[in-house]
There are 2 protein chains.
Amino acid sequence: MSASINRRFVLAKRPVGLPTEDVFRLEETTIPDPADGEIVARTLYLSLDPYMRGRMNDAPSYVPPLQLGDVITGGTVGQVVASRHDGIAEGDIVEGYGGWQEFFRLSADECRKVDPTIAPVSTALGVLGMPGHTAYGGLTEIGKPKAGETLVVAAASGAVGAIVGQIAKIHGCRVVGIAGGEDKCAYVRDELGFDAALNYRDGEFANQLAEACPNGIDIYWENVGGPIFDTVLPHLNNFARIPVCGLIHWYNVTEIPTVPDPTPKLMRSVLVKRLTIRGFIVFDFAHLQTEFLKEVGTWVRDGKIRYREDIRDGFENAPSALIDLLQGGNFGKMLIKA
Amino acid sequence: MSASINRRFVLAKRPVGLPTEDVFRLEETTIPDPADGEIVARTLYLSLDPYMRGRMNDAPSYVPPLQLGDVITGGTVGQVVASRHDGIAEGDIVEGYGGWQEFFRLSADECRKVDPTIAPVSTALGVLGMPGHTAYGGLTEIGKPKAGETLVVAAASGAVGAIVGQIAKIHGCRVVGIAGGEDKCAYVRDELGFDAALNYRDGEFANQLAEACPNGIDIYWENVGGPIFDTVLPHLNNFARIPVCGLIHWYNVTEIPTVPDPTPKLMRSVLVKRLTIRGFIVFDFAHLQTEFLKEVGTWVRDGKIRYREDIRDGFENAPSALIDLLQGGNFGKMLIKA
């Protein structure tokens with residue numbers, strides 16, 4: 001890589017189902033110069049997250065979809081190589097939505113400075129970044145955990161699920177994690193301190209869930225959808241809350257199965273059990289940013305919240321890593337070290 | 001009818017689909033005497049409501065289901081014929097869940113005195129009773145109408161829907177009602193003052209809904225479920241609220257249709273639009289009872305809220321009237337004058 005070259009991945013074609021590598025095209029451009037009020041940074045870490053799959057569809061969402069040729073959206077941590085803003089100096093570490101590229105240019109108000117003395121800077125994309133903020137915001141505003149309640153979270157070893165469960169433990173909840181594979185379950189139980197961890201690939205999963213939740217479920221944190229949601233539904237207690245954070249089960253489904261309409265059962269449960277199902281995006285909880293960083297930062301420093309990163313080396317491996325993530329191949333917060 | 005006979009309807013068998021008259025059995029017993037702290041009242045009005053259908057199934061719900069031989073559940077307004085409670089005198093009018101019988105016995109704390117000088121006592125089962133309280137509570141706590149927003153309510157000429165729409169109008173919302181039939185639509189528009197009223201039986205209903213909601217839908221009050229919900233879903237705005245109050249479309253369905261799974265589309269809407277879907281029962285808002293009676297009572301007195309009753313004469317007609325109600329045959333709050 002020449003110092004004057006900026007490599008980036010753009011959307012070459014729209015994926016159908018699980019993305020393949022030819023969905024992404026590696027391009028070379030020149031490193032941009034900052035305009036007034038902007039910075040340019042060299043990417044240190046690129047965050048890979050399930051939401052990226054949704055951006056690749058040509059469908060309305062909370063932001064406009066990517067267009068063909070657009071740089072793929074992504075959170076980045078970088079070191080500033082040029083700045084035209086008084087508050088940010090060359091050498092500073094910043095976090096922002098730089099996208100899948102080796103150098104990114106953002107206006108100063110589109111990024112925040114990261115203090116490398118608090119924790120490794122990669123955490124600005126994980127436990128102390130968007131996934132942590134997502135967990136903190138959704139729990140605070142929707143989940144509302146109370147001591148003695150039971151919380152269930154799927155993708156429990158992932159970037160968001162791991163933090164959701166640990167915060168709920170701090171609030172005094174019984175916490176049951178769901179993950180794909182025994183190694184992830186062992187981690188969730190032994191390292192993160194969940195009360196139970198269940199492997200949804202186990203044929204006995206439904207029975208295990210019932211056993212692990214003897215007092216029913218008060219909060220189901222929805223990261224996945226699909227069969228796990230169906231298994232959880234009968235165990236929800238009256239007044240249960242369901243923060244809807246993600247639906248990774250459905251992201252790559254190309255053929256919707258034909259089934260007896262599940263809507264009457266779902267809506268009857270909503271009515272009779274007085275459930276709250278509420279979707280959210282981390283941006284909805286921007287007002288909690290300062291509180292989140294302070295509170296979760298303290299918990300991380302004190303060892304009350306642990307985190308695990310799945311760091312893949314090499315910028316050029318971003319497509320294969322995302323494809324792996326979308327199949328549950330990650331173990332912890334997935335990052336590319338550029 | 002002899003003065004010493006109490007006629008009552010009990011559950012003779014569990015209905016399959018739409019109830020038939022042989023689901024109900026008319027029995028004669030003697031009029032009970034009140035124990036200490038109780039009253040006995042002669043039923044003046046019996047309330048017929050869609051929720052009654054759910055009680056007839058042998059399925060867990062927010063209260064135990066009716067057992068065979070049980071008196072059918074129902075709200076009643078009656079005149080006290082015997083009292084062993086200091087706060088309630090013979091001749092007083094009371095409202096409570098007396099059930100489908102000509103005389104009912106309740107403890108004094110299971111009923112409330114109705115002031116016949118405020119409004120006709122039948123309203124204690126309608127606009128100033130459970131349906132009004134349902135509308136007021138669900139809007140206050142879940143719908144949270146703001147001036148300029150658009151609210152859509154189905155079963156708009158019914159006991160709850162009519163009040164929901166009128167309260168939302170008072171809050172400055174654009175209000176669109178959905179009803180079955182042109183006569184009901186004309187009433188909703190011309191008498192209740194909704195901004196628009198749509199007949200869901202009209203082949204152009206979907207287009208009419210889009211036209212009637214040029215700024216989308218911020219609150220969808222769910223009384224019915226089924227195809228109306230499906231038609232509403234694409235028009236919901238970001239952060240829309242869906243108080244789930246009833247699902248009359250599904251109450252009598254015996255064969256669940258096989259369809260392409262609608263769950264991914266529904267949950268994706270919840271996530272991307274950050275919808276809130278929340279079920280409730282009027283009892284959840286017991287703490288609003290005083291406020292409801294004061295506020296809605298004032299609106300009724302001032303003519304800001306209108307109501308319509310569909311009163312059927314004769315206690316023995318309760319079964320046929322309920323069957324009619326479950327098919328949308330009522331026009332306004334359905335009552336039996338005993």
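The values are calculated or read from the model by the stated rules, or taken from the named source; none is laboratory data. Computed from a prediction, not measured in an experiment: that's the story for all the values here. Here the Cβ is made from the backbone with ideal geometry for all residues, glycine too, and neighbour counts use every protein chain on show.
Which residues, taken from region B:249-258, are touching a residue at least 24 places away in the same chain (Cβ under 8 Å) and either surrounded by fewer than 22 Cβ atoms within 10 Å (Cβ to Cβ) or within 7 Å of chain A (Cβ to nearest Cβ) (or both)? Can you show your working first?
To start, the set of residues in region B:249-258 that are touching a residue at least 24 places away in the same chain (Cβ under 8 Å) comprises B:249-254.
Within region B:249-258, B:HIS249, B:TRP250, B:ASN252, B:VAL253, B:THR254 qualify.
Scanning region A:201-217 for residues that are in contact with a strand residue (DSSP E or B) (Cβ under 7 Å, 6 or more places away or on another chain) and either assigned to a helix (DSSP H, G or I) or modelled with pLDDT under 95 (or both) yields a total of 4. Taking the criterion of being part of a strand (DSSP E or B) and surrounded by fewer than 19 Cβ atoms within 10 Å (Cβ to Cβ), the residues of region A:106-122 that qualify are A:SER107, A:ARG112, A:LYS113. Residues that are within 7 Å of chain B (Cβ to nearest Cβ), surrounded by fewer than 21 Cβ atoms within 10 Å (Cβ to Cβ) and in contact (Cβ under 8 Å) with a residue 40 or more places away in the chain are absent from region A:309-324 altogether. Yes or no: region A:68-91 includes at least one residue that is surrounded by 15 or more Cβ atoms within 10 Å (Cβ to Cβ) and within 14 Å of chain B (Cβ to nearest Cβ). No, region A:68-91 has no match at all. Restricting attention to region B:126-153 and to residues that are among the aliphatic types (A, V, I, L, M) and assigned to a loop (DSSP other than H, G, I, E, B), the residue that is farthest from B:VAL282 (Cα to Cα) turns out to be B:ALA147. Taking the conditions (1) assigned to a strand (DSSP E or B); (2) more than 22 Å from B:MET130 (Cβ to Cβ) in turn, B:ARG42 satisfies each one other than (2). Just one of (1) more than 8 Å from chain A (Cβ to nearest Cβ); (2) free of Cβ contacts under 8 Å to residues at least 40 places away in the same chain fails for B:VAL244. It is (1).
Quick one: count up the residues across region B:166-196 that are of a type in the set (D, E, K, R), farther than 21 Å from B:PRO145 by Cα and more than 19 Å from the chain's Cα centre (by Cα). Please lay out each step first, then the result.
Within region B:166-196, the subset of a type in the set (D, E, K, R) is B:169, B:174, B:182-184, B:189-191, B:195.
Of the ones still in play, those that are also farther than 21 Å from B:PRO145 by Cα are B:182-184, B:190-191.
If we keep only those that are more than 19 Å from the chain's Cα centre (by Cα) too, we end up with B:182-183, B:190-191.
Residues flagged as of a type in the set (D, E, K, R), farther than 21 Å from B:PRO145 by Cα and more than 19 Å from the chain's Cα centre (by Cα) within region B:166-196 amount to 4.
When B:THR73, B:THR134 are screened for being farther than 17 Å from B:ALA338 by Cβ and among the polar types (S, T, N, Q), only B:THR134 passes. Which condition breaks for B:ILE305 when tested against (1) assigned to a helix (DSSP H, G or I); (2) more than 7 Å from chain A (Cβ to nearest Cβ)? With respect to (1) assigned to a helix (DSSP H, G or I); (2) more than 7 Å from chain A (Cβ to nearest Cβ), B:ILE305 is out only on (1). The condition (being in a loop (DSSP other than H, G, I, E, B), among the small types (Gly, Ala, Ser), surrounded by 24 or more Cβ atoms within 10 Å (Cβ to Cβ) and touching a helix residue (DSSP H, G or I) at 6+ places or on another chain (Cβ under 7 Å)) is satisfied by just one residue among B:ALA156, B:ALA197: B:ALA156. Looking at A:ASN237, A:ASN207, A:ASN215, just one residue is within 14 Å of chain B (Cβ to nearest Cβ), within 28 Å of A:LEU271 (Cβ to Cβ) and surrounded by fewer than 24 Cβ atoms within 10 Å (Cβ to Cβ), and that residue is A:ASN237. Among the candidates B:ARG55, B:ARG42, B:ARG25, the residue that is within 14 Å of chain A (Cβ to nearest Cβ) and within 17 Å of B:GLN101 (Cβ to Cβ) is uniquely B:ARG55.
Yes or no: B:ASP230 facing chain A (nearest Cβ under 7 Å) and farther than 30 Å from B:GLY75 by Cβ? Step through it out loud before you land on a result.
Numbers: facing chain A (nearest Cβ under 7 Å): no; farther than 30 Å from B:GLY75 by Cβ: yes.
Criteria not met by B:ASP230.
Considering each residue of region A:55-69 in turn, none proves to be at pLDDT 95 or above, in a strand (DSSP E or B) and within 22 Å of A:PRO319 (Cα to Cα). Scanning region B:259-275 for residues that are over 10 Å from A:TYR62 (Cα atoms), at the interface with chain A (Cβ under 7 Å from one of its Cβ atoms) and not in a loop (DSSP other than H, G, I, E, B) turns up B:VAL259, B:PRO260, B:THR263, B:PRO264, B:MET267, B:ARG268, B:VAL270.
Would you confirm whether any residue within region B:316-327 is part of a loop (DSSP other than H, G, I, E, B) and either on the phi > 0 side of the Ramachandran plot or at pLDDT 95 or above (or both)? No, the conditions are met nowhere in region B:316-327.
For region B:53-83, the set of residues classified as closer than 17 Å to B:VAL282 by Cβ and without any contact (Cβ under 8 Å) to a residue 24 or more places away in the chain consists of B:ARG55, B:SER61, B:VAL63, listed by residue number.
What number of residues in region B:9-65 are among the small types (Gly, Ala, Ser) and within 25 Å of B:VAL244 (Cβ to Cβ)?
Result for region B:9-65: 5.
Within this structure, A:VAL244 passes the test of being closer than 23 Å to A:VAL127 by Cβ, of a type outside the set (Asp, Glu), under 16 Å from the mean Cα position of the chain (by Cα) and surrounded by 15 or more Cβ atoms within 10 Å (Cβ to Cβ). Residue count for region B:84-134, restricted to those that are among the aliphatic types (A, V, I, L, M) and either farther than 21 Å from B:TRP299 by Cα or free of Cβ contacts under 8 Å to residues at least 40 places away in the same chain (or both): 7. Out of all the residues in region A:21-59, which are under 21 Å from the mean Cα position of the chain (by Cα) and exposed (fewer than 14 other Cβ atoms within 10 Å of the Cβ)? Residue satisfying the conditions is A:ALA59 alone.
Take B:TYR220 and tell me if it is aromatic (Phe, Trp, Tyr), modelled with pLDDT of 95 or more and under 22 Å from A:PRO264 (Cβ atoms). Criteria met by B:TYR220.
Taking region A:8-26 as the range and being in contact (Cβ under 8 Å) with a residue 40 or more places away in the chain and in a strand (DSSP E or B) as the test, the residues that pass are A:ARG8, A:PHE9, A:VAL10, A:LEU11, A:PHE24, A:LEU26.
Suppose the filter is modelled with pLDDT under 95, within 9 Å of another protein chain (Cβ to nearest Cβ) and either within 18 Å of the chain's Cα centre (by Cα) or surrounded by 19 or more Cβ atoms within 10 Å (Cβ to Cβ) (or both); does B:GLY279 pass it?
In short, no.
A:THR263 meets all of the listed conditions (1) modelled with pLDDT under 95; (2) within 19 Å of the chain's Cα centre (by Cα); (3) not acidic (Asp, Glu) but one, namely (2).
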